[in-house]
Amino acid sequence: MSRIVVLLAALGASVFVVGTSEYLVSGLLPQVASDLGVSVAAAGQAVTAYALGVVLGGPLLTAATVRVPRRVLAVALLVLFALGNGLCAVAPSYGVLIAGRVVASLSHAAFLTLALMLTTRIVRPDRVGSAIAGVAAGFSVATLLGVPVGVLLGESAGWRTPFALLAGLALVMAVTLGVLLPGGETGATRVRDEVRTVVSRPVLLVVATTAVGMAAVSTVFTYLAPSLRDVAGFGAAAVSGLLVIYGVGSLAGGLVAGRLADRSLEWTVRGTFGGLAVVLVVVALALPWKVGAVAAVLAFGLLASSTTPTLQTLLLKHAGSAPTLAVSVNIAAFNIGIALGSVVGGVVVSGVGTRWTGLVGAVLSVAGLGLSYLALPRPGVRHQDVGHRSAEVGVSR
């Protein structure tokens, strides 16, 4: 196995660890609330605190560390993540739990940005989309496997145990990347160059497309379980199985989209949003029939995660030689879209019921498609080269 494959695998595994932390607490809210003497609603603010840390703190930390050597930064961010989860594991009070979640969240966007930037530097330019999809697949695996396993462990061994395990795994990955990454390589841009890139029109359009696209997905996914139960009539075990099917589709869809983006980024972006709009309409119409609901959930999963590698690749095309802060802001936009979609979906559920979230999600997807047309480079405009030689990070092919 070549060194480049090992490094990509280590980055993907690190993303898996970081991704598992974000939603783990959601499945442990009753235990957390009971142990710390707060309401379930208050315990749920641990999710909000993490999201705010990602959105607000991630870009700031990324900007502050843009010149830090890459190996040092990778290790430091994973150690910070381990510290935050360690605080959660030993939290004697609700306040310490929230503090631990915020500390862990600060490294989230910054580490994902670093992982994606390292990925683009160690692969050929025509493999950037596939490589991003492979590393980002760590998130899909975290949703599909990491969070459910963590919740089961928390139910059997106490809610603090999975947080302690995540802290330990983060330290293992910190040592691994410390060994694999070469020393001496630093960020090549200045903060003002990074800020100038972020506020450019093409990058802002991609960020807006990201937020709207994720809002389309979140509007439906947030309420997918109750829709499958109340509209389609599935039992609890069947709903869990369908969510696994969604996760498998999401993992496969992201990997396929990455490969397609390497061949034709423009058509992949358009096809993703157009296909998502159609599928979300089908979700709303097919829910009352079990067979149709199963097919719709699988198709939804295939397209839901396809936006990640395509939009990140498009962002890198526009960001040119100063992409680091732009990638971090785009990661924050994913979280903003998730939060926005859950609010929009809640309004729909309160007004007309869970079945029709798909129609509203389809409208948002069409809006994302429109934004993507503005965000895509005009014909004849040359893309920026986002690939770098492997020698920049000391990895040989």
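Points worth noting:
- Enumeration of residues in the stretch 162-181 that are touching a Lys or Arg at 6+ places or on another chain (Cβ under 9 Å) and part of a helix (DSSP H, G or I): LEU177, GLY178, LEU180
- If you go through the stretch 1-24 and keep only what is surrounded by 17 or more Cβ atoms within 10 Å (Cβ to Cβ) and among the small types (Gly, Ala, Ser), you end up with ALA10, GLY12, ALA13, SER14, GLY19, SER21.
- Restricting the stretch 233-276 to residues that are under 25 Å from VAL294 (Cα atoms) and of a type in the set (S, T, N, Q), the residue that is surrounded by the fewest Cβ atoms within 10 Å (Cβ to Cβ): SER240
- Complete set of residues in the stretch 155-199 that are at pLDDT 90 or above and either assigned by TED's automatic domain parsing to the domain that holds PRO323 or touching a Leu at 6+ places or on another chain (Cβ under 8 Å) (or both): TRP159, THR161, PRO162, PHE163, LEU165, LEU166, ALA167, ALA170, LEU171, MET173, ALA174, LEU177
- Residues of the stretch 341-359 satisfying the condition of being surrounded by 19 or more Cβ atoms within 10 Å (Cβ to Cβ) and either free of Cβ contacts under 8 Å to residues at least 24 places away in the same chain or closer than 26 Å to VAL203 by Cα (or both): GLY341, VAL344
Residues checked against (1) acidic (Asp, Glu); (2) touching a helix residue (DSSP H, G or I) at 6+ places or on another chain (Cβ under 9 Å); (3) at pLDDT below 95; (4) not in a helix (DSSP H, G or I):
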{"residue": "VAL66", "(1), (2), (3), (4)": "no, yes, yes, yes"}
{"residue": "GLY95", "(1), (2), (3), (4)": "no, no, yes, no"}
{"residue": "SER105", "(1), (2), (3), (4)": "no, yes, yes, no"}
{"residue": "HIS108", "(1), (2), (3), (4)": "no, yes, yes, no"}
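- Test: residue in the stretch 218-227 that is closer than 20 Å to LEU315 by Cβ and assigned by TED's automatic domain parsing to the domain that holds ASN330: yes
- You will find that of LEU118, LEU144, LEU152, LEU87, the residue that is more than 18 Å from LEU28 (Cα to Cα) and outside the structural domain of LEU325 (by TED's automatic domain parsing) is LEU118 and no other.
Condition check ((1) touching a helix residue (DSSP H, G or I) at 6+ places or on another chain (Cβ under 8 Å); (2) crowded, with 19+ Cβ neighbours inside 10 Å) across all residues:
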residue	(1), (2)
VAL135	yes, yes
PHE139	yes, yes
GLY150	yes, yes
LEU153	yes, no
ALA157	no, no
PHE163	yes, yes
LEU166	yes, yes
VAL191	yes, no
SER200	yes, no
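- When the test is whether a residue is surrounded by fewer than 24 Cβ atoms within 10 Å (Cβ to Cβ), more than 27 Å from LEU145 (Cβ to Cβ) and either out of contact with any strand residue (DSSP E or B) (no Cβ under 9 Å at 6 or more places or on another chain) or of a type in the set (Phe, Trp, Tyr) (or both), VAL40 does not pass it.
- Condition met for ALA76 (out of contact with any Leu (no Cβ under 7 Å at 6 or more places or on another chain) and in a helix (DSSP H, G or I)): yes
- Some residue of the stretch 246-258 being more than 19 Å from GLY358 (Cα to Cα), at pLDDT 85 or above and outside any helix (DSSP H, G or I): no
- Residues of the stretch 214-229 that are in contact with a Gly (Cβ under 8 Å, 6 or more places away or on another chain), in a helix (DSSP H, G or I) and not aromatic (Phe, Trp, Tyr): MET214, ALA215, ALA216, VAL217, SER218, THR219, VAL220, ARG229.
- Annotation note: Cβ proximity below 7 Å between a residue of the stretch 305-326 that is more than 17 Å from GLY138 (Cβ to Cβ) and a residue that is among the acidic types (Asp, Glu) (sequence gap 6+ or interchain) occurs for ALA322/ASP193; ALA322/GLU194; THR324/GLU194; LEU325/GLU194.
- In this structure, LEU73 does not satisfy being surrounded by fewer than 19 Cβ atoms within 10 Å (Cβ to Cβ), modelled with pLDDT under 95 and either in contact with a helix residue (DSSP H, G or I) (Cβ under 6 Å, 6 or more places away or on another chain) or assigned by TED's automatic domain parsing to the domain that holds LEU11 (or both).
- Verdict on SER264 being touching a Ser or Thr at 6+ places or on another chain (Cβ under 8 Å) and more than 26 Å from ARG229 (Cβ to Cβ): no
- Residues in the stretch 84-114 that are of a type in the set (A, V, I, L, M) and surrounded by fewer than 17 Cβ atoms within 10 Å (Cβ to Cβ): VAL90, VAL96, ALA99.
- Selection status of ALA46, free of Cβ contacts under 8 Å to residues at least 60 places away in the same chain, buried (at least 18 other Cβ atoms within 10 Å of the Cβ), in a helix (DSSP H, G or I) and more than 20 Å from the chain's Cα centre (by Cα): no
The values are calculated or read from the model by the stated rules, or taken from the named source; none is laboratory data. Keep in mind that this is a model prediction, so the values were computed, not measured. Neighbour counts run over all protein chains shown; Cβ positions are idealised from the backbone, glycine included.
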